[in-house]
Amino acid sequence: MMAWLSINFHALAATLRKLAGSPLSSFFSICVIGIALSLPTGIFVLLQNIETLSGNFTGSPQISLFLSKDAGSAEVSEIEKRLKGNPGVDHFRFVPKEEALGEFRKDAEFSDVVTSLSQNPLPDAFVVFARENSAKNLENLHQEMLKWPKVAHVQLDSNWARKLDSFLKLGHVATSILAVLLGFALIFITFNTIRLQILTQKDEIEVAKLIGATNTFIRRPFLYLGALQGLAGGIAAWGIIAAGLHFMNGAIQELAELYSTRFILANLGIRESLLLFFLSACLGWLGAWLSVSRHLWQLDSGSQ
Amino acid sequence: MISFQAVGKRYPGGFDALKNITFSIERGEMVFIAGHSGAGKSTLLKLVAAIERPTSGSILVRDQNLGRMKRSAVPYLRRNFGLVFQDHKLLFNRTVFENVFLPLQIGAFDPREAGSRVRAALDKVGLLGREHAYPVELSGGEQQRLCIARAIVNRPAILIADEPTGNLDAEYSGIIMDMFKSFNQVGVTLLVSTHDEAMLRKLRPRVITLHQGELAP
Ligand SMILES: Nc1ncnc2c1ncn2[C@@H]1O[C@H](COP(=O)(O)OP(=O)(O)O)[C@@H](O)[C@H]1O
Ligand SMILES: [Mg+2]
């Protein structure tokens, strides 16, 4: 155990010395990785913010529920009861047919028509505000309400929500593709920087192998280097996004004041940030592993 | 301890560096490999340390057949050896101390004892005062002794040295040979190549002579 700790400590110390030994090139690699990672991560953050923003638009009516014209007060209170008991419903408002007619009467364009009517052609209605704004929730509510007694028509006012939802979905797919591509880029960048490191330490590797070093021993410091570099790149990406959001929030503040609302773009949460760091370290590790393994393989096949 | 049975080595170009070599070396022996330049001395030592693999015949080292050994087992075999290379293979960006420390690091040696081990090895070759120097600051003879310190720091059972006195003057050669004799006296098996006839006449060790890749009678 002591020996194992010692080996890993030495490897880590050697790694840090290597990073510090070529600060400029380390800095550049970390920046390149950071920029590459900040692209998909930044888009992801923006999409998340759009999602929260769209969730805030609960001020507009979501579903209009029209009863059939022969529905009496018993049916109205039955529907009322069901709406109260439904977990998908946030709150609702009953619009009696007299009130609806009154609305029309107020409107100059319709007032003549309305007064000429012998009876009220309008049904009782409910305006329902859903608890959750997602297209799925609205669609579920829609389907359920249609099955209720004396419900004639349910009007889903969620076209925009659905459009936004599919737009966000598309955005997520695009971000995922970008993330995979730039993940590969990270592996290649690490592969190359580690390859350059290996070239400067060719002799050390050769001698270590000749006097009994296992491949694991030789790989270890490079794996640390790759993982550390990836991690630092991940942190750099986080910093780039945080700075970007800071500047954007300044501009958004002005806009929000015009609309007298408060809205700021939020950065990644703790869990997402840790995931970003973990993944970037893993990809760095992988790039380093490929690089050293290739070198060791070349050494092994060179000398029979 | 080491036995060759009809061993041949043909390099990728098709050149036969060794042909039909058979001999064996017992534990605690001191054996010299003699022969002119190009006779195959280095090749023979590389075969023992599994740096090269035989193309025919079989080599046993400590009852392990090197020809059939898995690649992953080779590092553990090599830790039985102390190797002194013809071209030194010192690390010039590391200090004298760090060069000698390397085998202990590789062998996961207890770090608390490693320091004194390194100093003991440097003491044996007379470099104790130069721990913090870099190899470029050492003379040719001192570099050679540094190689030997690195080879013995692990207290190997077998010491393999390829022309350790190759380009040293007679006085230095004498010092190094005395060193080897003292290792042998404490039970280390020695396998040393040389083309220095004078040395062989003086020491009168067991000699295996190679001539153009074959055992000379
Ligand atoms: N890696 C190699 N590839 C091809 N030929 C080699 C290689 N190493 C050595 N040889 C050849 O094998 C012969 C023996 O070399 P070597 O064992 O180094 O001899 P010595 O150490 O006795 O001078 C030489 O002719 C040399 O050119
Ligand atoms: Mg030679």
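Counting only Cα atoms, I'd like the Rg/Rh figure for region A:62-157, Kirkwood definition for Rh.
Over the Cα atoms of region A:62-157, Rg/Rh equals 1.02.
Please find the FRET efficiency linking B:ARG68 to B:GLU29, where r is the Cβ-Cβ separation and R0 is fixed at 25 Å, and quote it to the nearest 0.05. Working from the Cβ atoms, E equals 0.50.
With all pairs of different alpha carbon atoms counted, what Kirkwood hydrodynamic radius in Å does chain B show?
Working: mean 1/r = 0.0562 Å⁻¹.
Evaluated on chain B, it is 17.8 Å.
Note on A:TYR224: accessible area is roughly 70 Å² with a 1.4 Å probe, heavy atoms of protein only.
The three principal axes of the Cα atoms in region B:90-155 give end-to-end lengths of 31, 23, 17 Å, sorted in falling order.
Taken along its principal axes, the alpha carbon cloud of the protein assembly as shown reaches lengths of 137, 46, 40 Å, longest axis first. For chain B, modelled as a GNM whose springs connect Cα atoms under 10 angstrom apart, the maximal fluctuation among B:VAL188, B:VAL136, B:VAL61 occurs at B:VAL136. Whole-Hz Karplus values for region B:131-142 come out as 3, 8, 6, 9, x, 5, 7, 9, 6, x, x, 5 Hz, taken residue by residue from phi with 6.51 cos²θ - 1.76 cosθ + 1.60 and θ = phi - 60°; glycine and proline positions read x.
Each 5 Å bin from 0 upward holds the following percent of the Cα-Cα pairs of region B:169-217: 5, 16, 28, 24, 15, 11, 2. Where both residues lie in the protein assembly as shown, what percent of DSSP beta bridges are antiparallel, nearest 5? Here the antiparallel bridges make up roughly 60 percent for the protein assembly as shown.
For chain A, build the convex hull from the C-alpha positions and give me its volume per residue in Å³. Before the final figure, lay out each step's value.
Values: hull volume 60.0 nm³, N = 304.
Spelled out: Cα convex hull of chain A, divided by residues, is 197 Å³.
Largest mean-square fluctuation among B:MET179, B:MET69, B:MET30, in a Gaussian network model of chain B whose springs join Cα atoms under 10 Å apart, belongs to B:MET69. Note on B:150-156: average number of Cβ atoms from other chains within 10 Å of each residue's Cβ is 1.
Return the FRET efficiency for the residue pair B:ASP123, A:ILE35: r is the Cβ-Cβ distance, R0 is 45 Å, and the value is rounded to the nearest 0.05.
Numbers: r = 54 Å, r/R0 = 1.19.
Step by step, r from the Cβ atoms, then E = 0.25.
To the nearest ten degrees, helix A:159-200 and the longest principal axis of the Cα atoms of chain A are 0 degrees apart. Solvent-accessible surface of the protein assembly as shown, averaged per residue with a 1.4 angstrom probe and all protein chains in place: 52 square angstrom. Database remark: amide H of B:VAL84 closer than 5 angstrom to the amide H of B:ILE160, B:ALA161, B:ASP162 (H placed geometrically; neighbours at sequence offset of 5 or more, or on other chains; Pro and chain starts carry no H). In nm, to one decimal, how far is the B:GLU137 label point from the A:TRP148 one, both placed 7 Å along Cα→Cβ? Using points 7 Å along Cα→Cβ, the separation is 9.0 nm.
Can you tell me the FRET efficiency between A:ASP203 and A:SER166 if r is taken as the Cβ-Cβ distance and R0 is 56 Å, rounded to the nearest 0.05? Before the final figure, lay out each step's value.
Values: r = 59 Å, r/R0 = 1.05.
Taking R0 as 56 Å, the efficiency between A:ASP203 and A:SER166 is 0.45.
Averaging the sequence gap over all C-alpha pairs within less than 8 Å and six or more residues apart, then dividing by the number of residues, gives chain A a relative contact order of 28 percent. Region B:1-45 and region B:83-121 have Cα centres lying 28 Å from one another. The accessible-area loss of region A:206-221 on complex formation, taken against its chain alone with a 1.4 Å probe, reaches 10 Å² or more at A:GLU206, A:VAL207, A:ALA208, A:LYS209, A:LEU210, A:ILE211, A:GLY212, A:ALA213, A:THR214, A:PHE217.
Of the residues B:ARG206, B:ARG68, B:ARG27, the one that moves most in a GNM of chain B with alpha-carbon contacts below 10 Å is B:ARG68.
Helix A:97-106 and the longest principal axis of the Cα set of chain A meet at an angle near 90°. Here the relative contact order of chain B, from alpha carbon pairs under 8 Å that lie six or more residues apart, stands at 31 percent.
Measuring only protein heavy atoms, the 1.4 Å probe finds A:TRP289 accessible over about 100 Å².
Please report the projected area of region A:114-273's Cα convex hull averaged over all directions, in nm². Before the final figure, lay out each step's value.
Working: hull surface 72.6 nm².
Convex hull of Cα atoms, orientation-averaged projection: 18.2 nm².
Backbone geometry of region B:35-42 corresponds, through the Karplus equation with coefficients 6.51, -1.76 and 1.60 at θ = phi - 60°, to 3J(HN,Hα) couplings of x, 6, 4, x, 6, x, 4, 4 Hz, x marking Gly and Pro.
The relative contact order of region B:90-155 comes to 49 percent, based on Cα pairs under 8 Å that sit 6 or more residues apart. Inverting the pair-averaged 1/r between distinct Cα atoms of region A:179-304 gives 16.9 Å as its Kirkwood hydrodynamic radius. Cα centroid separation, region A:227-292 to region A:65-83: 51 Å.
Between helix B:96-106 and chain B there is an angle of about 60 degrees, using the helix long axis and the longest principal axis of the Cα atoms. Each part reduced to its alpha carbon centroid, region B:46-68 and region A:171-189 end up 48 Å apart. In this view, the solvent-accessible surface of B:LEU215, computed with a 1.4 Å probe and all protein chains in place, comes to about 70 Å². When chains B and A come together, the accessible area they lose, probed at 1.4 Å and totalled over both chains, is close to 2000 Å².
Calculated over region B:24-108, the projected area of the Cα convex hull averaged across directions stands at 7.4 nm². The Cα atoms of region B:1-71 define a convex hull whose projected area, averaged across directions, is 4.9 nm².
Between B:GLU113 and A:ARG17, the modelled label-to-label distance comes to 2.4 nm, taking each label 7 Å out from Cα in the direction of the beta carbon. With all protein chains in place and a 1.4 Å probe, the accessible surface of chain B carries 48 percent carbon and sulfur.
The values are calculated or read from the model by the stated rules, or taken from the named source; none is laboratory data. Bear in mind the structure is a predicted one, so any value in this text is a computation, not a measurement. All Cβ positions, glycine included, derive from the backbone under ideal geometry; neighbour counts span all protein chains shown. The accessibility values were calculated without ligands, DNA or RNA, using every heavy atom of the protein model including side chains. Shrake-Rupley method; radii C 1.70, N 1.55, O 1.52, S 1.80 Å.
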